[in-house]
Amino acid sequence: MTLPDTYSPEEKKELDRQFNELLKCWKSRKDEQDVAQVTEAYLLAANAHKDARRRSGEPYMYHPLAVAMIIAGEMGMGRTSIIGALLHDVVEDTEYSVEDIRALFGYKVCEIVYGVMTLTNDDVNGDGVRSLQAETFRKVIMSMSNEMRVVLVKLADRLHNMRTLDSMPHHKQLKIASETTQIYAPLAYRLGLYKIKVELDDLCLKYIRPQVFETVRRQLEGLRETKVKELEEFIAPVKKELHEMGIKVRTMTIERNISAVWERMNKFGMSIDEVYDVYVSRIIIDCPKNEEKVRCWETYAVLTDFYYPDSKKLRDWVSFPKTNGYSSIHGVFMGKRGNWIETQIRTERMDDIAENGFSAYWRYRDKNTTEESGLDLWMGVVKDLVKESDKNNLNALEFIDNFQLDLFSDEIFVFTPKGDKVTLPKGATVLDFAYGIHSELGNHCIGANVNKKLARLDTELKMGDQVEIITSQHQEPQEKWFVFLSTSIAKSKLKSSIKDYRRTFKEEGKEKLHQMFNKLGIEFSKQNRSALTEKLNMMSRNDLYYYVAIGKVGLQVVENAFKKNDSNWSDNIVKYLTLGIVRPASNKSSGERAAYTIATCCKPIPGDDVVAIELPGEPVQIHHPDCQKAMKLMSRFGQNIVKAKWQFGNEFSFLATVKVFGINKMGLGAALFDVLTNKEHLDVHSLEMKSEGGMVIATISVYVDNLKRLESLIEQLKKIEYVRKVERIGNA
């Protein structure tokens with residue numbers, strides 16, 4: 001088979017060049033037969049996609065080749081995964097069938113191709129609300145519990161799509177970027193694919209907040225030369241001492257990626273100059289695996305001979321590797337120029353796993369050990385979540401909430417009374433721990449001894465805590481406990497336990513409800529009981545019987561529920577305004593006026609960049625594009641993103657809040673009021689001033705017509721003599 005003539009001579013030349021690049025970057029084991037099979041897959045895909053073009057006008061075949069290069073070069077995977085990447089769109093987009101792929105390349109390749117194909121199929125969740133992204137995510141996780149290579153090809157596919165997102169319309173860019181930041185970037189991190197994770201993060205920021213991306217990029221360029229020189233000076237004497245001790249090392253200066261720098265600036269309200277770990281010094285040791293821990297701590301000791309450490313920022317991921325296999329010692333030291341410098345200490349093996357993740361983990365895995373690694377345990381949790389999802393009939397949106405809750409959070413390690421290590425998501429509580437050990441332990445938990453001190457059920461656990469659960473046979477699982485839990489596994493176990501417990505009240509509650517219906521002259525039909533369950537916002541009739549049995553639902557409640565005028569049951573009051581919405585061309589009209597509501601989570605005002613999200617039966621929601629809630633919605637309902645722009649005018653004023661940091665000097669308050677009332681003529685909603693040492697923090701809320709008025713206020717406040725910093729709250 002050869003390349004078809006539908007490609008121009010230049011395109012054929014470029015395709016062959018890219019394929020040769022693929023063979024060069026393929027570093028895992030390969031022989032002549034492996035290369036022959038990959039070549040066959042390349043030619044088949046090139047012929048199958050011969051008439052297809054990307055939005056940019058390039059041959060579609062450039063995409064499968066790029067995905068295969070990511071799989072081979074950036075993930076370090078082998079023949080089966082590479083062939084799967086080359087063929088991942090063939091069955092979906094061409095005349096080839098799954099059976100054809102199985103006959104030509106075997107079951108494993110077929111499984112990958114079919115798995116990737118099914119991830120893009122449309123679906124509808126149980127509520128009838130379309131959420132293709134949530135359903136896709138569910139399928140990704142289901143695939144991961146069976147064949148990891150399906151997920152790796154999907155990640156590579158997403159990475160290349162993000163790299164070529166420029167050719168897409170803006171609302172599609174927002175949809176894809178939001179989905180990526182909510183699902184695929186955290187998934188890459190969990191699989192240890194750090195380089196891919198940070199590139200996805202940067203690309204997401206580029207399309208969600210392009211101005212922020214460009215500003216931070218330019219600031220990094222301005223810092224680079226000075227910072228690299230400072231870190232080279234910092235590490236030089238340490239490197240020399242290590243060589244004299246016979247420890248073989250190489251050193252690197254690492255620049256944080258743009259999105260990570262912005263996250264620190266945004267979270268702590270800092271300028272880039274105030275973020276100490278924008279640049280990181282990394283020491284990589286060449287030593288046998290059995291010497292790794294000793295050599296890493298020897299290196300840390302040498303660093304303390306030259307520089308003062310900040311012991312509060314020491315992180316030991318060598319003794320306690322993360323579940324994705326990451327190992328390293330992180331220390332922070334005071335350099336000679338008076339700046340704190342983060343230093344990472346790791347071995348060559350640790351560095352390979354940290355940079356290349358899943359594939360490197362399998363290369364270094366001890367084939368003779370029966371001990372489960374962190375990644376094995378994590379995959380076990382994935383499979384447990386899938387089973388719990390099936391057991392509880394969760395729809396796609398519930399599933400994604402549970403999975404993100406447990407598996408995309410940072411992790412902590414705590415210990416049992418016998419000293420066994422237990423891994424939990426950050427934010428887990430005493431009750432999470434109890435249910436994590438066993439359902440019965442959770443059901444009867446009344447508290448715990450945490451580090452020998454009595455603690456409540458909702459006590460949040462910290463890294464290194466030792467936890468002893470206290471139980472009582474008189475304790476029963478309670479609905480209010482859901483607010484004490486952070487892990488979906490614990491919530492699922494609590495839900496099942498409550499169901500079992502309430503089921504014991506079924507007959508008693510049913511009989512009491514029958515008597516109430518008779519008194520009110522209501523037929524005791526299944527339809528009426530279901531209607532009552534729905535009006536009382538209960539999950540099932542068993543819940544209804546339980547609350548009737550214990551006296552929480554009485555005759556008056558039942559009577560009110562069946563009154564003809566049931567407006568009292570609705571407490572969903574939404575205030576509507578009007579916004580100029582520009583509908584996509586596929587809709588019936590443009591410039592249409594639509595009901596909308598301003599999101600209170602990010603509080604956009606006229607002039608801000610905004611995104612409109614339209615959900616069935618609800619007013620259009622207006623958010624900042626980088627609002628966490630907005631990104632969550634866009635990642636799930638990407639097809640509901642609506643183009644929107646502000647229509648400027650003076651019809652409405654919008655509440656905006658700024659925080660002013662200044663020196664505690666007499667006259668500062670008067671100067672603030674002068675700017676607000678005399679210079680800017682603004683209606684002040686509230687002003688709160690707090691003194692902290694020699695500083696004053698003022699939080700000011702004002703009504704403004706648009707972004708220009710707010711920017712003018714901020715500029716005037718910055719001109720006040722004693723003011724040192726002004727920042728807006730609600731939108732970074």
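Hey, can you tell me all the residues within the range 33-62 that are small (Gly, Ala, Ser) and outside any helix (DSSP H, G or I)? Result: 52, 56, 57.
Being under 30 Å from residue 438 (Cβ atoms) and either in a helix (DSSP H, G or I) or among the basic types (Lys, Arg) (or both): is that true of residue 529 here?
On the way: under 30 Å from residue 438 (Cβ atoms): no; either in a helix (DSSP H, G or I) or among the basic types (Lys, Arg) (or both): yes.
Here the answer is no, as residue 529 does not meet what is asked.
Of all residues in the range 14-45, those satisfying the criterion of being of a type in the set (A, V, I, L, M, F, W, C), touching a residue at least 24 places away in the same chain (Cβ under 8 Å), in contact with a Leu (Cβ under 9 Å, 6 or more places away or on another chain) and farther than 18 Å from residue 102 by Cα are 15, 19, 22.
State the number of residues belonging to the range 198-223 that are in contact with a strand residue (DSSP E or B) (Cβ under 7 Å, 6 or more places away or on another chain) and open to solvent by 60 Å² or more (accessible area, probe 1.4 Å).
0
Scanning the range 95-111 for residues that are open to solvent by less than 30 Å² (accessible area, probe 1.4 Å) and assigned to a helix (DSSP H, G or I) yields 98, 101, 105, 109, 110.
Yes/no matrix, rows are residues, columns are (1) at pLDDT below 75; (2) of a type in the set (Phe, Trp, Tyr); (3) over 23 Å from residue 710 (Cβ atoms); (4) open to solvent by less than 10 Å² (accessible area, probe 1.4 Å):
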{"position": "592", "(1), (2), (3), (4)": "yes, no, yes, no"}
{"position": "595", "(1), (2), (3), (4)": "yes, no, yes, no"}
{"position": "598", "(1), (2), (3), (4)": "no, no, no, no"}
{"position": "603", "(1), (2), (3), (4)": "no, no, no, no"}
{"position": "608", "(1), (2), (3), (4)": "no, no, no, no"}
{"position": "617", "(1), (2), (3), (4)": "yes, no, yes, no"}
{"position": "621", "(1), (2), (3), (4)": "no, no, no, no"}
{"position": "624", "(1), (2), (3), (4)": "no, no, no, yes"}
{"position": "630", "(1), (2), (3), (4)": "no, no, no, yes"}
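Exactly one of (1) within 26 Å of residue 626 (Cα to Cα); (2) of a type in the set (Val, Ile, Thr); (3) surrounded by fewer than 17 Cβ atoms within 10 Å (Cβ to Cβ) is unmet by residue 663. Its number? Residue 663 satisfies all of (1) within 26 Å of residue 626 (Cα to Cα); (2) of a type in the set (Val, Ile, Thr); (3) surrounded by fewer than 17 Cβ atoms within 10 Å (Cβ to Cβ) except (1).
Restricting the search to the range 387-418, which residues are outside any helix (DSSP H, G or I), modelled with pLDDT under 90 and not aromatic (Phe, Trp, Tyr)? Passing the criteria: 392, 393, 394, 395, 409, 410, 411, 412. In the condition set (1) on the phi > 0 side of the Ramachandran plot; (2) modelled with pLDDT of 90 or more, residue 427 is compliant with all but (2). Taken over the range 413-467, the residue count meeting the criterion of being closer than 19 Å to residue 483 by Cβ and open to solvent by 40 Å² or more (accessible area, probe 1.4 Å) is 7.
Only one of the numbered conditions (1) more than 25 Å from residue 274 (Cα to Cα); (2) modelled with pLDDT of 90 or more is not met by residue 720, and that is (1). For the subset of the range 675-710 comprising residues that are without any contact (Cβ under 8 Å) to a residue 40 or more places away in the chain and of a type in the set (S, T, N, Q), which member is most open to solvent (accessible area, probe 1.4 Å)? Among those that are without any contact (Cβ under 8 Å) to a residue 40 or more places away in the chain and of a type in the set (S, T, N, Q), it is 678. Considering only residues in the range 711-731 that are surrounded by fewer than 16 Cβ atoms within 10 Å (Cβ to Cβ) and farther than 13 Å from residue 660 by Cβ, the one that is farthest from the chain's Cα centre (by Cα) turns out to be 712. Taking the conditions (1) under 27 Å from residue 355 (Cβ atoms); (2) in contact with a helix residue (DSSP H, G or I) (Cβ under 6 Å, 6 or more places away or on another chain); (3) open to solvent by 30 Å² or more (accessible area, probe 1.4 Å) in turn, residue 55 satisfies each one other than (1). Among residues of the range 73-89 that are open to solvent by 30 Å² or more (accessible area, probe 1.4 Å), those with a Cβ under 6 angstrom from a residue that is assigned to a helix (DSSP H, G or I), sequence gap 6+ or separate chain, pair up as 73/25; 79/34. If you go through the range 269-284 and keep only what is open to solvent by less than 20 Å² (accessible area, probe 1.4 Å), outside any strand (DSSP E or B) and either closer than 14 Å to residue 242 by Cα or among the acidic types (Asp, Glu) (or both), you end up with just 277. Out of curiosity, is residue 238 out of contact with any strand residue (DSSP E or B) (no Cβ under 8 Å at 6 or more places or on another chain), open to solvent by less than 50 Å² (accessible area, probe 1.4 Å), assigned to a helix (DSSP H, G or I) and under 21 Å from residue 335 (Cβ atoms)? Here the answer is no, as residue 238 does not meet what is asked.
Can you find even one residue in the range 61-71 that is under 22 Å from residue 165 (Cα atoms) and open to solvent by 40 Å² or more (accessible area, probe 1.4 Å)? Scanning the range 61-71 turns up at least one residue that is under 22 Å from residue 165 (Cα atoms) and open to solvent by 40 Å² or more (accessible area, probe 1.4 Å).
Restricted to the range 428-480, and to residues that are of a type in the set (Ser, Thr, Tyr) and within 19 Å of residue 500 (Cβ to Cβ), which residue is farthest from the chain's Cα centre (by Cα)?
Initial filter on the range 428-480 (of a type in the set (Ser, Thr, Tyr)): 429, 435, 439, 459, 471-472.
Right, trim to within 19 Å of residue 500 (Cβ to Cβ) and you get 435, 439, 471-472.
Numbers: 435: 25, 439: 28, 471: 35, 472: 38 Å.
Top of the filtered list is 472.
Close Cβ contacts (under 7 Å, 6 or more residues apart or on different chains) running from residues in the range 302-324 that are within 15 Å of residue 341 (Cβ to Cβ) to residues that are open to solvent by less than 70 Å² (accessible area, probe 1.4 Å) and in a helix (DSSP H, G or I) comprise 302/238; 302/241; 302/242; 303/238; 306/237; 306/238.
Quick one: would you say residue 9 is open to solvent by less than 40 Å² (accessible area, probe 1.4 Å) and on the phi < 0 side of the Ramachandran plot?
When the stated conditions are applied, residue 9 does not pass them.
Can you pull out the residues in the range 485-514 that are over 17 Å from residue 435 (Cα atoms) and part of a helix (DSSP H, G or I)? It would help to see each step written out before you state the result.
Pass one, the range 485-514, residues over 17 Å from residue 435 (Cα atoms): 502-514.
Correct list: 502, 503, 506, 507, 508, 509, 510, 511, 512, 513, 514.
Taking the listed residues 499, 526, 493, the one that is more than 30 Å from residue 457 (Cα to Cα), free of Cβ contacts under 8 Å to residues at least 60 places away in the same chain, open to solvent by 40 Å² or more (accessible area, probe 1.4 Å) and in contact with a helix residue (DSSP H, G or I) (Cβ under 9 Å, 6 or more places away or on another chain) is 526, with no other qualifying. Each residue in the range 285-326 was checked for being open to solvent by less than 50 Å² (accessible area, probe 1.4 Å) and either of a type in the set (A, V, I, L, M, F, W, C) or more than 16 Å from residue 410 (Cβ to Cβ) (or both), and 14 pass. Within the range 14-32, being part of a loop (DSSP other than H, G, I, E, B), crowded, with 16+ Cβ neighbours inside 10 Å and of a type outside the set (A, V, I, L, M, F, W, C) holds for one residue alone: 30. Applying a threshold of 7 Å to beta carbon distances and a minimum spacing of six or more residues, or different chains, the list of pairs starting in the range 644-670 at a residue that is assigned to a helix (DSSP H, G or I) and ending at one that is at pLDDT 85 or above reads 668/662; 668/696; 668/722; 669/689.
The values are calculated or read from the model by the stated rules, or taken from the named source; none is laboratory data. If you're wondering where the values come from, they're calculated on a predicted model, not measured in any experiment. Methodologically, a virtual Cβ is constructed for each residue, glycine included, from the backbone with ideal geometry; neighbour enumeration extends over all protein chains shown. For accessibility, only protein heavy atoms count, side chains too; no ligands or nucleic acids. Shrake-Rupley method; radii C 1.70, N 1.55, O 1.52, S 1.80 Å.
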